[in-house]
Amino acid sequence: MSEPSKPPQGPVARMLLQWLMRPARVTGVETLSPRFRSIELEGDALKGVAWTIGQKIQVAMGSGLSARTYTPVSWDAEKGRTRLLAFAHGNGPGSRWVSALRQGDICWFFGPRRSLDLSAPRAPTVLFGDETAFGVASAFRDNRQVDYVFEVSDAAEADPVLAAIGLGGATLIARSAEDAHLASVDAELLRFAASAHFVLTGKASSIQRISRSLKAAGVARSRMSTKAYWAPGKTGLD
């Protein structure tokens with residue numbers, strides 16, 4: 001049995017594992033596209049766990065205490081199952097883990113932990129993000145009236161993935177040089193400025209730009225929830 005996220009070795013790391021990490025078995029890996037995998041985890045440590053939409057888990061990556069963050073799409077506390085939608089973003093430890101993962105592997109994770117609070121019903125809602133936000137968007141889809149707007153690098157890849165996870169009606173805006181496409185994102189989101197609650201996720205600089213545009217249009221801060229999942233050259237944002 002392989003262990004792509006084998007827990008870190010050493011006395012201090014082993015002690016931390018006993019207190020902080022949970023083991024789970026990979027019971028399914030579905031390839032949705034060259035860079036997207038739907039992953040199912042199962043185990044006794046997943047049973048009886050309180051989880052709400054938007055919370056995260058952090059999966060250990062190899063030796064040391066390095067981890068990558070994923071937002072579960074669903075969690076069955078009775079059967080001890082959870083499902084993740086993972087995006088192989090770049091060539092870092094997370095991407096290598098996603099690409100190498102196989103059914104029967106064991107992974108170790110922290111959580112679930114607080115991240116983006118989507119528990120309170122707010123309608124209508126607009127969720128903005130990118131490929132890293134497809135998981136939380138999928139978890140969110142049955143919760144209330146939501147419109148989805150995503151900036152994506154490859155619409156031809158993203159479109160069938162979104163259809164497979166029940167988000168075929170999402171608006172996709174292709175990234176362009178110098179983030180010029182964000183003007184189109186602004187125009188799309190501002191159509192909802194009068195009454196919607198905005199959930200802004202994904203790339204940090206995109207969130208900052210869109211937040212400024214919404215505020216300038218009179219959207220109160222109380223009508224925005226934000227969570228940056230990544231920024232170029234940085235790790236551990238979430």
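With all protein chains in place and a 1.4 Å probe, the accessible surface of the stretch 89-193 carries 47 percent carbon and sulfur. Would you please classify the overall shape of the stretch 145-236 from the alpha carbon gyration tensor, given that a ≥ b ≥ c denote the square roots of the eigenvalues, rounded means a/c under 1.5, and beyond that prolate means a/b larger than b/c while oblate covers the rest? Oblate shape, in that a/c is at least 1.5 and b/c is the bigger or equal ratio. Heavy-atom accessible surface of the chain, averaged per residue, reaches 47 Å², computed with a 1.4 Å probe. The alpha-carbon of Lys47 sits under 16 angstrom from the alpha-carbons of these aspartates and glutamates, leaving out residues fewer than 8 places away in its chain: Asp76, Glu78.
Using alpha carbons only, how many angstrom separate the centre of the stretch 145-161 from the centre of the stretch 166-238? What the calculation gives is 13 Å, centre to centre.
Could you tell me which of rounded, prolate or oblate describes the stretch 146-190, using a ≥ b ≥ c as the square roots of the eigenvalues of the alpha-carbon gyration tensor, with rounded for a/c under 1.5 and, failing that, prolate when a/b is larger than b/c and oblate otherwise? Here the stretch 146-190 falls in the oblate category. By the helix-only formula, in which each DSSP H run with n ≥ 4 contributes -39500 (n - 2.57) and the sum is divided by residues, the chain has a 222 nm mean residue ellipticity of -7000 deg cm²/dmol. For the stretch 65-137, trypsin sites (Lys or Arg not before Pro) meeting the loop criterion (DSSP other than H, G, I, E, B) and having at most 12 other Cβ atoms within 10 Å: Lys79, Arg102, Arg114. Indicate the gyration tensor shape class of the stretch 77-116 (rounded, prolate or oblate), computed on the Cα atoms with a ≥ b ≥ c the square roots of the eigenvalues: a/c under 1.5 is rounded; otherwise a/b larger than b/c is prolate and the rest oblate. Judged from the Cα gyration tensor, the stretch 77-116 comes out oblate (a/c at least 1.5, b/c at or above a/b).
The values are calculated or read from the model by the stated rules, or taken from the named source; none is laboratory data. Since the model is a prediction, treat every value here as computed from it, not as a measurement. Cβ: placed from backbone, ideal geometry, glycine included. Neighbour counts: every protein chain shown. Please note that ligands, DNA and RNA were not included when accessible areas were found on the heavy atoms of the full protein model with its side chains. Shrake-Rupley method; radii C 1.70, N 1.55, O 1.52, S 1.80 Å.
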